[in-house]
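Engineer: Here's a structure for you.
The values are calculated or read from the model by the stated rules, or taken from the named source; none is laboratory data. Just so it is clear, the structure is predicted and the values come from calculations on it, not from any experiment. Cβ coordinates were reconstructed from backbone atoms using ideal geometry, including for glycine residues, and neighbour counts include every protein chain displayed. Areas reflect the complete protein model, heavy atoms only, side chains present, ligands, DNA and RNA absent. Shrake-Rupley method; radii C 1.70, N 1.55, O 1.52, S 1.80 Å.
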Amino acid sequence: MNNIINISERLKCAASLVNKGARVADIGTDHAYLPIYLVQNGISNKVYACDVRKEPLRRAQLHIDEYGLSDKITTQLCDGLKGINKGDVDTVTICGMGGKLMKSILQAGIDKLGYNTQLVLSAQSELRDFRAYLLEAGIDIKSEHILLEDGKYYFIFDCVYNTPYEQHFNKNVVNADDIYKNDNQNNNEKNNNEKKITAYTEEELRYGKYLLDNKSEVLYEYLNKELMSCNNIRDNLLNKEQSVSVKNRIKAIDEDIAVINKALGRWKEQ
């Protein structure tokens with residue numbers, strides 16, 4: 001069986017971001033749909049299909065064999081990036097997991113990434129904290145994409161793991177005045193070695209700097225749905241007995257609404 005595989009739009013979007021010719025590690029590969037697509041479309045000639053579970057990896061191997069690609073796709077039973085040696089791959093893809101799990105995978109395997117390793121990431125939850133982690137860890141978000149498929153919104157990040165002197169941080173996480181101080185360096189060395197600091201606003205952390213800058217129509221739709229949901233929750237809370245917990249919940253919702261409105265206002269700016 002050597003026909004062309006059909007994959008979801010979100011995986012096609014992720015595949016379109018992979019640098020052509022890259023050696024790829026697909027973490028949490030499941031059925032190996034993405035690795036097969038990457039090879040069939042000439043994007044990559046070497047992919048490691050990695051999964052921590054034996055049964056999904058067995059299914060992945062069956063699919064790889066069915067498409068006749070066992071010479072270009074290698075299955076790897078491993079936890080996250082632990083089965084990949086540093087220098088084995090140029091690109092890492094992780095799609096379809098919660099942001100908290102993806103963060104733990106990256107934290108545990110950060111030493112497996114070389115400088116300028118590409119990461120194509122699609123977190124399904126905890127997006128605000130996940131973006132903050134990427135910035136803290138020196139994983140630069142080059143672009144971000146959002147799409148609606150089967151009634152669900154997907155966010156996909158194209159990132160690069162930078163050298164120590166090219167990391168971006170959130171201003172609320174890192175105090176730029178307290179880092180990179182080295183009295184043994186002269187001024188020229190300091191200028192050359194200072195890391196770049198990019199301050200993300202709260203709405204950028206929650207909804208994506210590049211999506212706001214590029215005025216994504218899908219993001220605009222997403223923001224309006226989020227606003228409607230928050231307003232409905234707030235109205236329901238107002239009808240309850242105003243206990244301390246309910247009041248605190250209303251306050252939190254009001255803060256969410258304020259950030260959403262700020263994001264919408266920025267989207268509408270000329």
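Engineer: Suppose we keep only residues that are touching a strand residue (DSSP E or B) at 6+ places or on another chain (Cβ under 7 Å) and in a helix (DSSP H, G or I) within segment 37-76. Which one would you say is surrounded by the most Cβ atoms within 10 Å (Cβ to Cβ)?
Structural biologist: The residue in question is LEU38.
Engineer: Identify all residues within segment 111-136 that are farther than 24 Å from VAL218 by Cβ and out of contact with any strand residue (DSSP E or B) (no Cβ under 8 Å at 6 or more places or on another chain); write none if there are none.
Structural biologist: Those that are farther than 24 Å from VAL218 by Cβ and out of contact with any strand residue (DSSP E or B) (no Cβ under 8 Å at 6 or more places or on another chain): ASP111, LYS112, GLU136.
Engineer: Does segment 8-18 hold any residues that are farther than 14 Å from SER44 by Cβ, surrounded by fewer than 19 Cβ atoms within 10 Å (Cβ to Cβ) and not basic (Lys, Arg), and which are they?
Structural biologist: Correct list: SER8, GLU9.
Engineer: Pull out all pairs, ordered by first then second residue, where Cβ-Cβ is under 6 Å, the residues are six or more apart or on different chains, the first lies in segment 123-139 and is charged (D, E, K, R), and the second is open to solvent by less than 10 Å² (accessible area, probe 1.4 Å).
Structural biologist: If the second residue must be open to solvent by less than 10 Å² (accessible area, probe 1.4 Å), the pairs left are GLU126/GLY99; ARG128/LEU205; ARG131/LEU205.
Engineer: Same structure, new question: Can GLY87 be described as within 22 Å of the chain's Cα centre (by Cα) and in a loop (DSSP other than H, G, I, E, B)?
Structural biologist: Values: within 22 Å of the chain's Cα centre (by Cα): yes; in a loop (DSSP other than H, G, I, E, B): yes.
So GLY87 fits the description; yes.
Engineer: Of (1) open to solvent by 30 Å² or more (accessible area, probe 1.4 Å); (2) in contact (Cβ under 8 Å) with a residue 40 or more places away in the chain; (3) under 26 Å from GLU126 (Cβ atoms), ILE84 satisfies all except one. Which?
Structural biologist: Condition (1) is where ILE84 drops out.
Engineer: Determine, yes or no, whether ALA22 is in contact (Cβ under 8 Å) with a residue 24 or more places away in the chain, surrounded by 19 or more Cβ atoms within 10 Å (Cβ to Cβ) and not basic (Lys, Arg).
Structural biologist: Working: in contact (Cβ under 8 Å) with a residue 24 or more places away in the chain: yes; surrounded by 19 or more Cβ atoms within 10 Å (Cβ to Cβ): yes; not basic (Lys, Arg): yes.
Answer is yes for this residue.
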